[in-house]
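Q: Quick one: structure below, then a few questions.
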Amino acid sequence: MKAFEFINAKYDRGLTVVLDKGLPLRYFEDYLNLCGDYIDYIKFGWGTIATIDREIIKEKIRLSKEFNIKAYPGGTLFEYCYINNKFEDYLNECKDLGFETLEISDGSINLSLEERKDIIEKVGEEFEVLTEVGKKDPSKDRVLSVDERIRIIKEDLNAGAKYVIIEGRESGKNIGLYDKNGNVKEDELNLIVKNVDIKNLIFEAPLKSQQVSFIKKFGSSVNLGNIPYEDVISLETLRRGLRGDTFNILNQNQ
């Protein structure tokens with residue numbers, strides 16, 4: 001039972017995707033015991049898991065499953081293996097480690113729409129597929145128009161992706177839907193959600209200001225990613241209107 005259980009009514013909470021940068025196993029277990037109820041996916045960022053003992057990774061995946069959390073490797077590791085002709089080895093190792101979800105992206109490489117489609121369909125035979133749209137290099141990301149992003153999102157969903165992640169990186173600045181100060185580009189956001197069902201999207205929002213902006217605009221059911229471990233609880237309070245930033249918006253009918 002949670003403290004103040006009488007105010008913990010069920011509500012429509014969107015997905016929370018946490019970025020794991022190599023949290024030690026004991027910390028990982030303690031953290032899930034604290035706030036595992038509020039995490040839906042854990043992304044082992046970039047290629048970090050390639051630097052860690054595989055038994056530790058297997059245990060972190062097992063613990064995640066105990067909390068009904070889906071763990072998956074970051075898309076950069078897929079990209080590295082793919083361009084180095086290790087794609088099959090990558091899939092086999094992911095399966096052996098216990099992953100059931102994988103991310104497909106081309107943030108640091110270039111994939112044609114047809115190539116993305118083929119990869120998504122192949123991976124989807126054994127794994128749940130998430131994809132990511134956007135480039136890691138801001139100069140390359142700016143070249144992607146909103147129309148191109150929308151087309152890629154639609155193609156990915158049609159190919160079998162369960163969710164499409166909108167790139168925001170760890171910084172949340174000067175990339176994707178964010179300007180150099182981390183503010184949301186509302187015009188671009190509006191175009192995307194006008195053309196794609198928001199339930200199929202996960203917005204990377206590492207900064208509190210971005211989390212507040214999305215919750216104010218779309219409500220508590222918005223899907224948010226690249227959330228640092230230390231922000232999971234604070235994000236939950238934002239979703240529930242237990243914090244001043246969203247209190248008036250989410251409690252206006254009370």
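Q: Please give the helices (runs of 4 or more DSSP H) falling wholly within region 20-103 in which 2 or more residues are surrounded by fewer than 16 Cβ atoms within 10 Å (Cβ to Cβ).
A: 25-35, 54-66, 87-97
Q: Report whether or not residue 195 is open to solvent by 10 Å² or more (accessible area, probe 1.4 Å) and either in contact with a helix residue (DSSP H, G or I) (Cβ under 6 Å, 6 or more places away or on another chain) or at pLDDT below 95 (or both).
A: Judged against the criteria, residue 195 is a match.
Q: Quick one: what pairs do we get from region 198-221, first residue farther than 12 Å from residue 246 by Cβ, second assigned to a helix (DSSP H, G or I) and open to solvent by 10 Å² or more (accessible area, probe 1.4 Å), C-beta under 6 Å, 6+ apart or different chains?
A: Close Cβ pairs satisfying both conditions: 200/157.
Q: Let me ask another. If you go through region 214-222 one residue at a time, do you hit one that is crowded, with 18+ Cβ neighbours inside 10 Å, closer than 30 Å to residue 114 by Cα and within 13 Å of the chain's Cα centre (by Cα)?
A: yes
Q: Residue check: is residue 39 more than 30 Å from residue 111 (Cα to Cα) and β-branched (Val, Ile, Thr)?
A: Criteria met by residue 39.
Q: Checking the structure you have, find out if any residue of region 45-58 is within 20 Å of the chain's Cα centre (by Cα), free of Cβ contacts under 8 Å to residues at least 40 places away in the same chain and closer than 20 Å to residue 157 by Cα.
A: The answer is no, given that none of the residues of region 45-58 is within 20 Å of the chain's Cα centre (by Cα), free of Cβ contacts under 8 Å to residues at least 40 places away in the same chain and closer than 20 Å to residue 157 by Cα.
Q: Here is a list of conditions, (1) of a type in the set (A, V, I, L, M); (2) more than 19 Å from residue 130 (Cβ to Cβ); (3) surrounded by 22 or more Cβ atoms within 10 Å (Cβ to Cβ), and residue 250 meets all of them except one; can you say which number that is?
A: The single condition residue 250 does not satisfy is (3).
Q: Assuming residue 197 fulfils every condition listed in (1) within 14 Å of the chain's Cα centre (by Cα); (2) more than 22 Å from residue 230 (Cα to Cα) apart from one, which condition is it?
A: If we test residue 197 against (1) within 14 Å of the chain's Cα centre (by Cα); (2) more than 22 Å from residue 230 (Cα to Cα), just (1) comes out false.
Q: Only one of 47, 74, 98, 36 is out of contact with any strand residue (DSSP E or B) (no Cβ under 9 Å at 6 or more places or on another chain) and either β-branched (Val, Ile, Thr) or within 27 Å of residue 166 (Cα to Cα) (or both). Can you tell me which?
A: Unique residue meeting the criteria: 36.
Q: Does region 1-20 hold any residues that are at pLDDT 95 or above and in contact with a helix residue (DSSP H, G or I) (Cβ under 9 Å, 6 or more places away or on another chain), and which are they?
A: 14, 16, 18, 19, 20
The values are calculated or read from the model by the stated rules, or taken from the named source; none is laboratory data. Model, not experiment: these values are computed from the prediction. Cβ: placed from backbone, ideal geometry, glycine included. Neighbour counts: every protein chain shown. Heavy atoms of the whole protein, side chains included, go into the accessibility calculation; ligands, DNA and RNA do not. Shrake-Rupley method; radii C 1.70, N 1.55, O 1.52, S 1.80 Å.
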